[in-house]
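The values are calculated or read from the model by the stated rules, or taken from the named source; none is laboratory data. Since this is a predicted model, take the numbers as computed values, not measurements. Note that we place each Cβ from the backbone using ideal geometry, even for glycine, and neighbour counts take in every protein chain shown.
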Amino acid sequence: MTTSIETQSIFLQINGSRKNLNIEPRFSILDALRDHLPLTGTKEDCDQSAGGVCQTGSMTQVGSNSPQLAELGRLLDAGTVRVAIDSTFPFADARWAHERAARWHIQGKIVLMVT
């Protein structure tokens, strides 16, 4: 019996070229860059001595695009696009935010509040 896996259609703009991908929602940007595009310089390092906290490093640079940012702002203002927030932590509790992220069952962004 074959099980169907739900995928999500996304696009990434990389070096001026649009890349269309169909990936599972559980995939991270790291997975998309490394496993679905030929950008193997992207690395992940998990330090078990630090409780399994992972860091992602990449030689990929992201540049802003004013028209795209303006359109995103309009979509956010109109409520067409919403940002899902899983949890919020004061900056002093950044360690707990990292621990929350390490659980892999987050349902949105983790926000660090800087005052």
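Brief remarks follow.
- Residue count for the range 80-94, restricted to those that are closer than 19 Å to Val114 by Cα and of a type in the set (D, E, K, R): 2.
- Tallying residues that are closer than 17 Å to Phe27 by Cα and either of a type in the set (Ser, Thr, Tyr) or assigned to a helix (DSSP H, G or I) (or both) within the range 86-115 yields 2.
- Annotation note: Cβ proximity below 7 Å between a residue of the range 89-115 that is in contact (Cβ under 8 Å) with a residue 24 or more places away in the chain and a residue that is among the charged types (D, E, K, R) (sequence gap 6+ or interchain) occurs for Gly108/Asp86; Lys109/Asp86; Ile110/Asp86; Ile110/Arg100.
- Some residue of the range 77-92 being at pLDDT below 85, more than 15 Å from the chain's Cα centre (by Cα), surrounded by 12 or more Cβ atoms within 10 Å (Cβ to Cβ) and under 27 Å from Leu12 (Cα atoms): yes
So that you can scan it fast, the table gives a plain yes or no per residue for (1) surrounded by 11 or more Cβ atoms within 10 Å (Cβ to Cβ); (2) at pLDDT 80 or above; (3) more than 26 Å from Val114 (Cβ to Cβ):
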residue	(1), (2), (3)
Thr7	yes, yes, yes
Gly16	no, no, yes
Arg34	yes, no, yes
Pro38	no, no, yes
Gln48	no, no, yes
Ser66	no, yes, no
